[in-house]
Amino acid sequence: MSVFDHAAYDKHEHVAFYHDVKSGLKAIIAVHNTNLGPSLGGCRMWPYANSSEALTDVLRLSKGMSYKSAMANLKLGGGKSVIIGDPRKEKTADMMLAMGDFVQSLGGKYISAEDSGISVSDLKTMSQRSDYIAGTQAAYRYDGGPADGNPAPSTAYGVFMGLKASVAYGLKTDLNGVSVAIQGLGHVGYRLAEHLHNAGAKLYVTDIYPDNLEQAKQQFNATVVSPDEIFALDVDVFAPCALGSAINDQTIDQIKARVIAGAANNQLAEERHGQALKDKGILYAPDYVINAGGVIDIYHQRQGSSAQALREHLEGIGETLNEIYRKAEQQGLPTNIEANKIAEQRFLMKG
Ligand code: NAD
């Protein structure tokens, strides 16, 4: 497994590997860029087939965080961590403590938050060993409701606002009666489904686990489909809310939706897929722009600002997307490339 010449290495400042034999923890922390501030990004636990797959994931995710924070105007850099293992079967408290030690060893260059497979209580365990764990407590939620530190409600609200703006821009309509296919009904996908249902959208949902599907059927009158069927549905919007690379050579041919707007990180298997979507006349909401709500939430909690300030920041995601769509159209560029240009101007400025 190579690191410096890895296809996703792309000027990472620091990549660290850690194996704690006692707890069985095998983890990687990747710090992409710290020009704007310390790197902040979630910790993901996933049953990667091998360490090479885990490295590719963490490098792509941490780079995405540099773009995400810069685009959301946060004084933070990009970083991410991954733990190799099945969170449903292999996670232990000792492993989380060892992960805390690992984060601490970077001396604040990387601040960890949650991602897929890691909960607020896991972060609390890590924080027993590290001063650099975010998202363990929150003073408020964006809507004034009680908060537990989980940023998923903010992420889902930001995705909802971004999806609404994308539908208004691309389909010239509001959400009432618009059909949306959601891939992945986890922390964010389920909450997004609730916002969309309340706005009058018709929902199609899928997940690889049945946990939330039946509830979505009952609560939101959603139509449940299999994971393979979700791409080819005759819907207005496709919302990828599972893991990365949902948009690839195989799925692009199947997608009938005119708008893609969802929570997942790294939705495009490769950057060139942004051009392929443009060629098909599909409006793509760049993932790190639309899903920035979680990091925006953590940033506001750390700054000690108000629920109102957080909510306004989240609602600004719609206008940021509009600006990208307008500029991309003027330049004849795919939306992902236009977004990259804007973000790079911000975080490479000092480089
Ligand atoms: P989650 O683990 O709670 O939910 C993901 C869901 O997707 C799970 O229910 C899982 O079973 C399902 N899934 C996995 N593979 C699938 C497949 N092939 N087909 C259908 N369903 C599948 O994670 P989450 O916190 O909801 O995050 C979802 C995505 O959004 C991730 O890509 C994450 O990186 C990204 N994201 C999350 C946040 C946040 O605040 N939680 C912030 C920004 C980005």
Among the numbered criteria (1) open to solvent by less than 30 Å² (accessible area, probe 1.4 Å); (2) in the same structural domain as Glu312 (by TED's automatic domain parsing); (3) over 21 Å from Ala257 (Cβ atoms), which one does Tyr209 miss?
(1)
Note: among Ser121, Ser116, just one is closer than 19 Å to Ile290 by Cβ, assigned by TED's automatic domain parsing to the domain that holds Asn35 and surrounded by fewer than 23 Cβ atoms within 10 Å (Cβ to Cβ), namely Ser116
Can you tell which of Ala232, Ala257, Ala263, Ala242 is more than 10 Å from the ligand (Cβ to nearest atom), open to solvent by 10 Å² or more (accessible area, probe 1.4 Å) and either of a type in the set (Lys, Arg) or assigned to a loop (DSSP other than H, G, I, E, B) (or both)?
Ala232
For segment 36-46, state whether one or more residues are free of Cβ contacts under 8 Å to residues at least 60 places away in the same chain, open to solvent by less than 20 Å² (accessible area, probe 1.4 Å) and of a type outside the set (Asp, Glu).
yes
Answer yes or no: is there a residue in segment 145-164 that is touching a helix residue (DSSP H, G or I) at 6+ places or on another chain (Cβ under 8 Å), acidic (Asp, Glu), within 15 Å of the ligand (Cβ to nearest atom) and open to solvent by 40 Å² or more (accessible area, probe 1.4 Å).
yes
Expected single match for more than 15 Å from the ligand (Cβ to nearest atom), buried (at least 22 other Cβ atoms within 10 Å of the Cβ) and either among the hydrophobic types (A, V, I, L, M, F, W, C) or without any contact (Cβ under 8 Å) to a residue 12 or more places away in the chain (or both) among Ala168, Ala201 is Ala201
Quick one: His195 ticks every box in (1) without any contact (Cβ under 8 Å) to a residue 60 or more places away in the chain; (2) over 21 Å from the mean Cα position of the chain (by Cα); (3) outside any loop (DSSP other than H, G, I, E, B) except a single one, so which number is it?
(2)
Return yes or no: is Gly274 within 30 Å of Gly149 (Cα to Cα), open to solvent by less than 20 Å² (accessible area, probe 1.4 Å), in contact with a strand residue (DSSP E or B) (Cβ under 9 Å, 6 or more places away or on another chain) and not polar (S, T, N, Q)?
no
What is the one condition in (1) within 16 Å of the ligand (Cβ to nearest atom); (2) surrounded by fewer than 17 Cβ atoms within 10 Å (Cβ to Cβ); (3) under 30 Å from Leu123 (Cβ atoms) that Gln250 does not satisfy?
(3)
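The values are calculated or read from the model by the stated rules, or taken from the named source; none is laboratory data. Quick caveat: nothing in here was measured; it's all calculated off a predicted structure. Cβ coordinates were reconstructed from backbone atoms using ideal geometry, including for glycine residues, and neighbour counts include every protein chain displayed. Only protein heavy atoms, including side chains, enter the accessible area calculation; ligands, DNA and RNA are left aside. Shrake-Rupley method; radii C 1.70, N 1.55, O 1.52, S 1.80 Å.
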